[in-house]
Each structure stands twice: as structure tokens, then as C-alpha cells.
Amino acid sequence: MKRFFDRLRDPAFRPRLIIWLSVAGIMFVLLWAFGLIGTSFAWFCEEPCHIVHADNTKAYYASTHSKIACVACHEPVNATPLVYTFMKIYVLPDLWATITKTFDLPMNPYNEVALAMPAEQCTQCHYLGTTSINPSPGMKIDHDVHTKNDIKCTLCHNRIAHNDEDVEYTLPGDTKHENWMTMDGCFRCHSQAPDAKAPGACTACHTQDFELVPASHEATGWYAKYGESGGHAAAARAESEAVAAAPVHTEEDEAEESKDAEPTLPPAAAINSCYTCHKQAFCTDCHGGLALPHPKEFTENHGKIGYADPELCGTCHARSAAEAKAGGFCNACHHPSSKPGQPWLKSHPQTVRTSGATDCFKCHTEAQCSYCHVNGTAAGRPALESTFKK
């Protein structure tokens with residue numbers, strides 16, 4: 001060390017030191033600049049290090065933003081080189097997980113990036129004051145009212161730069177993301193409820209010439225009073241099951257999402273599509289207050305409801321107004337000759353004595369009668385299913 005300081009005091013050494021320090025400084029600046037610029041190209045995000053983004057890259061090239069650099073959206077707007085440097089250092093620990101392929105998938109499972117992305121990431125290019133908005137036919141979107149309510153662009157346009165609708169993901173464990181540019185996506189904020197913060201009325205988003213009734217509702221079998229109505233019932237049941245199976249955000253998830261984004265929104269999969277057009281009371285109002293789909297315990301007391309108001313049940317189950325009034329539709333599930341409130345097993349001997357057994361053999365085999373009458377009803381019950389005619 002003493003020798004080094006002695007050389008510093010040597011006038012002949014100082015020029016060389018200044019030259020070498022200048023060269024080292026210039027090399028450092030060049031390496032820093034090239035490193036900063038090089039790691040900002042989409043190529044770097046796709047190939048050498050960020051293999052975790054393989055599926056995202058496919059979605060990126062399938063979007064309208066495939067010519068826009070990744071940093072344009074994923075780095076702060078108008079950031080200084082120093083800020084970019086700190087951002088690179090911040091994600092540096094991810095390098096180990098990338099090299100060892102121990103990164104977690106799916107990435108961004110609840111669209112946290114979209115929830116947290118500032119509006120200026122979009123408005124730096126898409127300034128609404130000069131940009132021409134071309135909504136889909138039949139749609140009218142008031143961007144100004146969304147802006148005034150601090151609704152950021154990506155709260156609706158979450159997959160605009162990573163359109164994975166027609167992309168096949170290949171990374172094990174990776175899954176596609178919700179697209180919020182759907183009616184279900186809109187109803188994360190909008191609602192048919194009277195006290196909704198965002199209106200759910202059709203006229204809020206649709207033009208007067210828009211056909212509000214979906215084609216499925218016009219199809220044969222969707223709904224016809226005293227006719228085939230299985231279509232709407234099956235659709236309502238499937239939608240209820242899908243909502244029940246929708247991923248549930250834990251408190252930790254919501255805390256993470258709301259860290260940089262407000263408000264915390266439910267997943268679009270948790271929105272019942274039926275209720276985007278109809279109020280939640282629509283089904284029960286039409287069905288006389290009955291819970292729909294019928295709960296499991298409904299079978300235990302549905303007979304009392306049917307006896308009290310057969311026309312109520314007949315709205316869906318009867319084939320004619322007369323059948324609805326008389327309750328004859330019950331025969332679709334219950335034996336036509338059974339007495340109300342009495343098990344068929346107890347009342348069938350009288351029916352057989354009066355009318356004979358010919359009609360019985362339309363559904364059952366003779367072996368069923370023999371089995372029960374020889375072995376007893378308790379022993380015969382387990383054999384009932386096997387003695388039905390196939």
C-alpha cells in the first residue's frame with residue numbers, strides 16, 4: 001500500500017493513472033449502457049434468461065402490441081437510466097429461479113399486473129384526447145366516466161398485450177388468464193342491484209339497435225310454457241355450478257392485489273352470467289318464490305308444495321294448462337296409479353286386482369313379482385333395479 005501511494009506522488013505516474021482511470025470509467029459506462037439497453041429488448045425477455053416467459057411470449061406475439069418493447073409497459077414511464085438500473089437490480093434475485101427452473105407457475109394467476117398497472121403506461125401512447133375509439137358494434141363505452149372514477153385501462157383491457165385466447169401454453173402447470181373484455185368482466189364492477197356503484201342497465205353500454213336477447217334464448221327448447229324448457233334450466237344450472245367452482249381469492253391474495261391497486265375485484269369466473277342481464281330475483285319471481293336450482297332437501301317436502309299449488313310446479317313440469325291445474329305431471333316421476341301420500345308398494349295390490357298386471361309388464365319383468373312375493377319385500381327391494389326391463 002505504501003508503494004502505491006509513493007507512486008501516486010510520482011509526477012511521471014499521474015498521467016498514466018488518469019488515462020487508465022478514464023479508460024476504466026469509459027468501459028464501465030459503455031458496459032452499463034449496453035447492459036441496460038440490451039436487457040430492455042423483447043429479445044432478452046424471450047430468449048437468454050426469461051424462459052419463464054415462454055408462454056407469455058407466444059401471447060405477446062399474438063397481440064396488437066407485438067412490436068412494442070416490454071419495458072414500455074412493464075417499466076415506469078419516462079424513467080431515468082438510474083431508475084432502470086435499480087429496477088434491473090430489484091429483479092436480479094429471480095435469475096437463480098430462472099436458471100434452476102424452480103419458478104412458480106402459473107405466473108400472475110389473478111392478473112395482479114393488470115390490477116396494479118398505472119394508466120399512464122397506456123396513455124403515453126393512447127391519449128384519449130386524440131385517439132379515435134372504435135367500440136364493437138352495438139357497444140358504447142364512456143371512457144371519460146371511467147377515467148373520472150380512477151378506473152385504470154388494464155382493469156378492463158387486461159389481455160391487450162398478451163392475447164392468449166388462441167395460444168397453446170406448454171409450460172407445465174401454466175394456465176391461461178381471464179379476459180375482462182367480456183360482460184362477466186364488466187360486472188366485476190357493474191351490477192343490476194339498485195345501489196350499485198356502476199349501473200348494470202342495458203342502455204349504459206349498449207346502443208338502442210343492439211339485439212339484447214342472445215341467440216340461445218331463441219332456440220327451440222330454451223323456454224316454452226307447458227312445453228320444452230330444458231334449455232334455460234340446464235344453462236342456469238351449469239352457470240351456478242361454474243360460479244361455485246370458480247377460484248376463491250384468499251385474504252392473502254386480496255391483500256397482495258390491493259397493495260398497489262384499488263378496488264380489489266372478484267374474478268370474472270365468479271360472476272353469474274345470468275345475472276348480468278337479469279336481477280337475482282328474476283328466477284325466483286318467475287318460479288313463485290321457489291329457490292332455483294332446487295336445493296337437495298327440496299325432494300323431502302316438494303309434495304306438500306305440489307299439493308298446495310300444482311300450477312306452480314306445472315309452470316315447468318306440465319305439458320298443458322289442464323295438466324298443470326290437475327297435477328297430472330306428477331306421474332312423470334310417480335306411479336300413475338299411486339294414491340297421494342301412500343307408498344306404491346302398499347297400494348299396488350289393489351290396482352293389480354282391479355286392473356290386472358298387463359300394464360306392469362310394460363316396465364317390469366315377471367321375475368320382479370315372483371322375487372318379492374317369494375322372498376318378501378325387504379329382500380326384494382335391492383333387486384328392483386335389476387328386474388326393470390332394459
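Which residue is surrounded by the most Cβ atoms within 10 Å (Cβ to Cβ), if the candidates are limited to segment 185-198 and must be of a type outside the set (Gly, Ala, Ser) and closer than 11 Å to CYS156 by Cα? Walk me through it before giving the result.
Pass one, segment 185-198, residues of a type outside the set (Gly, Ala, Ser): 186-190, 192, 194-195, 197.
In the following step, the residues that additionally are closer than 11 Å to CYS156 by Cα were identified as 186-189.
Values: CYS186: 20, PHE187: 22, ARG188: 19, CYS189: 20.
The extreme case among them is PHE187.
Among (1) without any contact (Cβ under 8 Å) to a residue 40 or more places away in the chain; (2) touching a helix residue (DSSP H, G or I) at 6+ places or on another chain (Cβ under 6 Å); (3) not small (Gly, Ala, Ser), where does PRO93 come up short?
Going through (1) without any contact (Cβ under 8 Å) to a residue 40 or more places away in the chain; (2) touching a helix residue (DSSP H, G or I) at 6+ places or on another chain (Cβ under 6 Å); (3) not small (Gly, Ala, Ser) one by one, PRO93 breaks only (2).
Could you please tell me which pairs satisfy a Cβ distance under 8 Å, a separation of 6+ or placement on different chains, a first residue in segment 291-317 that is part of a loop (DSSP other than H, G, I, E, B), and a second residue that is modelled with pLDDT of 80 or more and of a type in the set (Phe, Trp, Tyr)?
ALA291/PHE298
Of the residues PHE103, PHE86, which is hydrophobic (A, V, I, L, M, F, W, C), outside any helix (DSSP H, G or I) and free of Cβ contacts under 8 Å to residues at least 60 places away in the same chain? Quick ask: steps written out before the conclusion?
On the way: PHE86 fails: outside any helix (DSSP H, G or I).
Matching residue, one of PHE103, PHE86: PHE103.
Given the criteria of a type in the set (Val, Ile, Thr), under 30 Å from SER136 (Cα atoms) and at pLDDT 85 or above, does THR264 qualify? Steps first, please.
Numbers: of a type in the set (Val, Ile, Thr): yes; under 30 Å from SER136 (Cα atoms): yes; at pLDDT 85 or above: no.
When the stated conditions are applied, THR264 does not pass them.
For TYR127, indicate whether it is surrounded by fewer than 13 Cβ atoms within 10 Å (Cβ to Cβ) and more than 25 Å from ASP55 (Cα to Cα).
yes
Could you identify the single residue in VAL145, VAL71, VAL77 that is over 23 Å from the mean Cα position of the chain (by Cα), hydrophobic (A, V, I, L, M, F, W, C), modelled with pLDDT of 85 or more and in a loop (DSSP other than H, G, I, E, B)?
Working: VAL145 fails: in a loop (DSSP other than H, G, I, E, B); VAL71 fails: in a loop (DSSP other than H, G, I, E, B).
Among VAL145, VAL71, VAL77, only VAL77 is over 23 Å from the mean Cα position of the chain (by Cα), hydrophobic (A, V, I, L, M, F, W, C), modelled with pLDDT of 85 or more and in a loop (DSSP other than H, G, I, E, B).
Starting from segment 136-160, keep only residues that are in contact (Cβ under 8 Å) with a residue 24 or more places away in the chain, then list their pairs with residues that are of a type in the set (S, T, N, Q) whose Cβ atoms are within a distance under 6 Å, requiring at least 6 positions of separation or different chains.
Qualifying pairs under 6 Å: GLY138/THR207; LYS140/THR207; ASN158/ASN111; ARG159/ASN179.
Report, by residue number, each residue of segment 263-301 that is touching a helix residue (DSSP H, G or I) at 6+ places or on another chain (Cβ under 6 Å) and over 30 Å from CYS153 (Cα atoms).
Of everything in segment 263-301, those that are touching a helix residue (DSSP H, G or I) at 6+ places or on another chain (Cβ under 6 Å) and over 30 Å from CYS153 (Cα atoms) turn out to be GLY288, LEU292, PRO293.
Could you tell me whether segment 46-61 includes any residue that is exposed (fewer than 14 other Cβ atoms within 10 Å of the Cβ), modelled with pLDDT of 85 or more and within 15 Å of THR154 (Cβ to Cβ)? Walk me through how you get there before you give the answer.
Filtering segment 46-61 for residues exposed (fewer than 14 other Cβ atoms within 10 Å of the Cβ) gives 47-48.
Checking the rest, the ones that are also modelled with pLDDT of 85 or more come to none.
Looking through segment 46-61, none of the residues is exposed (fewer than 14 other Cβ atoms within 10 Å of the Cβ), modelled with pLDDT of 85 or more and within 15 Å of THR154 (Cβ to Cβ).
Determine which single condition LEU82 fails, assuming it passes every other condition in (1) at pLDDT 85 or above; (2) exposed (fewer than 13 other Cβ atoms within 10 Å of the Cβ); (3) more than 24 Å from the chain's Cα centre (by Cα).
Among (1) at pLDDT 85 or above; (2) exposed (fewer than 13 other Cβ atoms within 10 Å of the Cβ); (3) more than 24 Å from the chain's Cα centre (by Cα), the lone unmet condition for LEU82 is (1).
Working carefully through the options CYS283, CYS360, find the one that is at pLDDT 80 or above and buried (at least 17 other Cβ atoms within 10 Å of the Cβ). First the steps, then the outcome.
Values: CYS360 fails: at pLDDT 80 or above.
Selected residue: CYS283, the only one of CYS283, CYS360 that is at pLDDT 80 or above and buried (at least 17 other Cβ atoms within 10 Å of the Cβ).
Hey, among the residues in segment 194-243 that are in contact (Cβ under 8 Å) with a residue 60 or more places away in the chain, small (Gly, Ala, Ser) and assigned to a loop (DSSP other than H, G, I, E, B), which one's farthest from THR315 (Cα to Cα)?
Across segment 194-243, the extreme among qualifying residues is GLY200.
The values are calculated or read from the model by the stated rules, or taken from the named source; none is laboratory data. None of the values given here were measured: they were computed from a predicted structure. Cβ coordinates were reconstructed from backbone atoms using ideal geometry, including for glycine residues, and neighbour counts include every protein chain displayed.
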